[in-house]
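First the structure, in the form of C-alpha cells, and then the observations on it.
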Amino acid sequence: MGETKYIFVTGGVVSSLGKGIISSSIGKLLQARGYKVTIQKFDPYINIDPGTLNPYEHGECYVTVDGHEADLDLGHYERFLGIQTTKANNITTGRIYKSVIDKERLGDYLGKTIQVIPHITDEIKRNVKLLGNKYKFDFVITEIGGTVGDIESLPYLESIRQLKWELGKDALCVHLTYVPYLAAAGELKTKPTQHSVKELQSAGIQPDVLVLRAEHELSTNLRKKVALFCNVDENAVVQSIDAPTIYEVPILMQAQGLDETILKKMGLPVDDTPGLGPWRAFLERRHKAEETEPLRIALVGKYNLQDAYKSIREALSQAGTYNDRKVSVDFVNSEKLTDENVAEALEGMSGVLIGPGFGERGIAGKFVAIKYARTHDIPTFGICLGMQCITIEFARNVLGYADANSREMDEKTPHNVIDIMEEQKSITNMGGTMRLGAYECVLHKGSAAYKAYGTEHIQERHRHRYEFNNAYKAEYEAAGMKCVGINPESDLVEIVEIPKLKWFVGTQFHPEYSSTVLNPHPLFVAFVKAAIENEKK
Ligand code: GLN
C-alpha cells in the first residue's frame, strides 16, 4: 500500500468508554479489507510497565509472546485481530522518560537541555513510527490511555498534533466521547462532547471522526448538531451504543460506514467488500449458544473484579461458543472458602478453574476447592498459581506431606514441591524478572492436553518465578499425577494431570492469553467440553 497510515484514538469526558474495543473494531474492519494492521497503546502513567500493578489498580496484566507485561487492552487487540503483539505495542510514560534519561546519561544529547518538547515528544513519535517503519504495517492504530484534559496526556496530544501536521492525509484522529442521558429531562446531552472536542482543539488537534458512546440511540439531528459544533463531517459522527457482546462492535461500526469514512479521509479506495464472513459466523454461533442453559464454571480466585481475570473470562466464553453453550463464570472468593462451606460454594458448578496469582492471601481456600473438585471428580483447570496449588494439594493430601508448600508461601518448607530456580534467587528488582513470554513445551501422547492440542509441540506464554520441583516428579507419577508437558530445554514441568479423573489439568503457563475469537484455545475448549459432559452424567 506504500506509506504506513496512522490512526490515533483518544477519549474524552469520562474514562472506561471502551477505547480499546473501538480501536480493536477499527482494526478488525481494516484487516477485513485486506490491510496489515497493528494496534499499540500508550499509557500515561510513570510505571515502566503494568507488571508491578495490583489487578485492582489496572485489571489483569497481559503478557505478549516476547515476554512483555502489558496493558489488558493488548488482549483485546489480539483477540479481535488474531495478531501477536510485542513490547513495541505498549508504551508507558515511564518507559518514554527512562529511555530519554538513559540517553541523556550517555551524553547522546551533546549538552543540550532536555525538555518535554522536543525530547519527550520526539521519543513518543519515534515509538509511534517504530511499528510502521520496522514491520511495514499498512495501518498502525495508536490508542492513547486516559482522558483528554488530563495533565499526563499533554505530551501525547502534542506528539499527535505534530504527527498530524507532518503526515497530512496519512494520519487521522478518532475521538471517543460520551453522550449522557438525563432521565429527568428525558434528553441526551451533547455539551460534554462539545467541551471535550474543544479541549482537543486547544491542543491543536481537530478530530476527524467522533465516536459517541451512549446508552440510547442517537437521532440524526443530534449527530448533525455534534458535527456542526465540532467541525466534523456528518457521516464521521458515529454512535456506539451498548451491545450484548463486545464482539458485535465491529459490525455495528461497519453498519455506520466507519471504515469507509476512514478510508476516504485517508485517500484510499473503498470498492472492495470487507471479508467479515468468519467473524459473522462466530457471532451467529454465539447468539445461538447464548440462548442455551448456562454452564456454570467456578472461577476460584481472590480478585472480585471483572477485569482482574479478563483473558480467562474471555477464553471461557469463547470456548462456550465453540461448544455451542453459554458459559456463566461464577467468581468464588478463595479467601472465604473453608471445608465447611465448599460444598455449598461449588454447588451446581460443572467445572472449577483455579486462577493465577501471587502471594499467600487466598491460598488456603484454593486448596479447599481443589481437594473438593479432585475428590468429587469435577473437571478442574489450574492456571499458573492454580497449577502450583494443584500440585501442593496433591502433595499434602495424597503423597502425605502435610507441610508441602511453594517456597513463595513458606520459605522454610521442608517439602518444597514448588520452588524458585537458582538464578532467580538473588533478584530484588521487581520488574520483568520472572519467566516471561513464550516457551516451548513437548506433550506426552495420550494425555488430555495432547488430545486437546492434537499436536506434540506447543508454545505458551509464562509469567511466574516459581517452578515444579523435579525432585518429586517420580513420587507424583507413582501416585497418579502425571507430568505430561515438559520444556525440552530446561526439563521444567509445564503441565500436570490426573488421568484417572475426568479432566484434571494444571498448566504452569497462561493459555488464556492466546485464545482469540476465531481461534479459541484448545485447552479451554476441552475443559468446557469436559464440564458439559460432567453435567450430563
Ligand atoms: N506466584 C506464582 C509464581 O510466581 C504464580 C504466578 C502466576 O500465577 N502468574 O510462580
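Per-peptide packing, taken as the mean over residues of other Cβ atoms within 10 Å, places 320-331, 19-30 in the sequence 19-30, 320-331 from highest down. For the stretch 121-247, treating each Cα as an identical point scatterer without solvent, what Debye log10 I(q)/I(0) comes out at q = 0.12, 0.22 1/Å? Cα-only, vacuum Debye calculation for the stretch 121-247: -0.52, -1.32. Debye-formula intensities of the stretch 283-400, expressed as log10 I(q)/I(0) at q = 0.14, 0.18, 0.22 Å⁻¹, are -0.57, -0.89, -1.22 (one equal scatterer per alpha-carbon, no solvent). Convex hull volume per residue, computed on the Cα atoms of the stretch 89-189, equals 146 Å³.
For the stretch 1-120, the average shadow cast by the Cα convex hull is 9.7 nm², which is a quarter of the hull's surface.
Hey, what angle do you get for helix 522-536 against the long axis of the chain, alpha-carbon based, 0 to 90 degrees rounded to 10? In the chain, helix 522-536 runs at an angle near 60 degrees to the longest axis. Computed from point charges on the beta carbon alone (+1 for Lys and Arg, -1 for Asp and Glu), the dipole magnitude for the stretch 54-158 about its Cα centre is near 520 Debye. Taking H placed 1.01 Å from N in the peptide plane, check which residues at least 5 places from R296 or on another chain put their amide H under 5 Å from its amide H. For R296, whose amide H was placed from the backbone, the distant partners under 5 Å are S328, S350. Could you tell me which residue out of A308, G75, W503 lies farthest along the dipole of the chain toward its positive end? Charges go on the beta carbon: Lys and Arg +1, Asp and Glu -1, centred on the Cα centre. Highest projection toward the positive end goes to G75. As a ratio to 2.2 N^0.38 Å, the alpha-carbon radius of gyration for the stretch 480-528 is 1.26. Figure legend: label point modelled 7 angstrom from the Cα of D108 along Cα→Cβ; residues of the stretch 125-152 with amide N under 12 Å from it are 126-127.
Compute the separation of the alpha-carbon centres of the stretch 495-537 and the stretch 239-272 and state it in Å as a whole number. When both Cα centres are located, 35 Å separates them. With the convex hull constructed from alpha-carbon coordinates only, the stretch 179-234 shows a mean projected area of 3.8 nm² over all directions. For the pair I151 and T273, the difference between a 0.36 nm per residue extended length and the Cα-Cα distance amounts to 39.8 nm. Stretching L53 away from A203 to a fully extended chain increases their span by 51.0 nm, per 0.36 nm per residue minus the current alpha-carbon distance. Rounded to the nearest 500, the helix-only mean residue ellipticity at 222 nm of the chain stands at -10500 deg cm²/dmol, with each DSSP H run of n ≥ 4 adding -39,500 (n - 2.57). Name the residues of the stretch 126-161 whose amide N is less than 13 Å from a point 7 angstrom out from the Cα of K36 along the C-beta direction? Correct set: 131-140.
For V37, neighbours were defined as the other residues whose beta-carbon sits under 10 Å from its Cβ, and their charges (Lys and Arg +1, Asp and Glu -1) total +3. With R₀ fixed at 22 Å, the C-beta to C-beta distance from H457 to A479 puts the FRET efficiency at about 0.20. Once the C-beta distance of D66 and A255 is scaled by a Förster radius of 30 Å, the resulting FRET efficiency is 0.25 to the nearest 0.05. When each of the peptides 371-380, 345-354, 508-517, 176-185 is scored by the mean number of other C-beta atoms lying within 10 Å of its residues, the order from highest to lowest reads 508-517, 345-354, 371-380, 176-185. Placing pseudo-labels 7 Å out from each Cα toward the beta carbon at N133 and A183 gives an inter-label distance of 5.3 nm. Sorting 263-276, 71-84, 223-236 by average packing, meaning the other beta carbons within 10 Å per residue, from highest down gives 71-84, 223-236, 263-276.
Taking the C-alpha atoms only, the angle from helix 385-397 to the longest principal axis of the chain is near 10 degrees. Take every Cα pair under 8 Å whose residues are at least 6 apart in sequence, average their separation, divide by the length of the chain, and the relative contact order is 15 percent.
Applied to the stretch 116-121, the Karplus parametrisation 6.51 cos²θ - 1.76 cosθ + 1.60 on θ = phi - 60° returns per-residue 3J(HN,Hα) values of 4, 10, x, 6, 5, 5 Hz, with x for Gly and Pro. Each of T391, I39, N405 was scored by the projection of its Cα onto the charge dipole of the chain, and the greatest displacement toward the positive side belongs to I39; charges sit on the C-beta of Lys, Arg, Asp and Glu. Estimated translational diffusion coefficient (Stokes-Einstein, Kirkwood radius over Cα pairs, 4 °C, 1.567 mPa s) of the chain: 52 µm² per second. Each part gets one Cα centre, and for the stretch 302-339 versus the stretch 150-175 those centres are 38 Å apart. For the stretch 83-130, the list of trypsin sites (Lys or Arg not before Pro) that fall in a loop by DSSP and count at most 11 other C-beta atoms within 10 angstrom reads K112. Charges were assigned to the Cβ only: +1 to each Lys and Arg, -1 to each Asp and Glu. The resulting dipole of the chain about its Cα centre is roughly 880 debye.
Values quoted throughout were computed directly from the atomic coordinates according to the rules given, and no laboratory measurement underlies them. These numbers were taken from a predicted model, which means no experiment stands behind them. Neighbour counts are summed over all protein chains in view; Cβ atoms, including those assigned to glycine, are modelled from backbone coordinates with ideal geometry.
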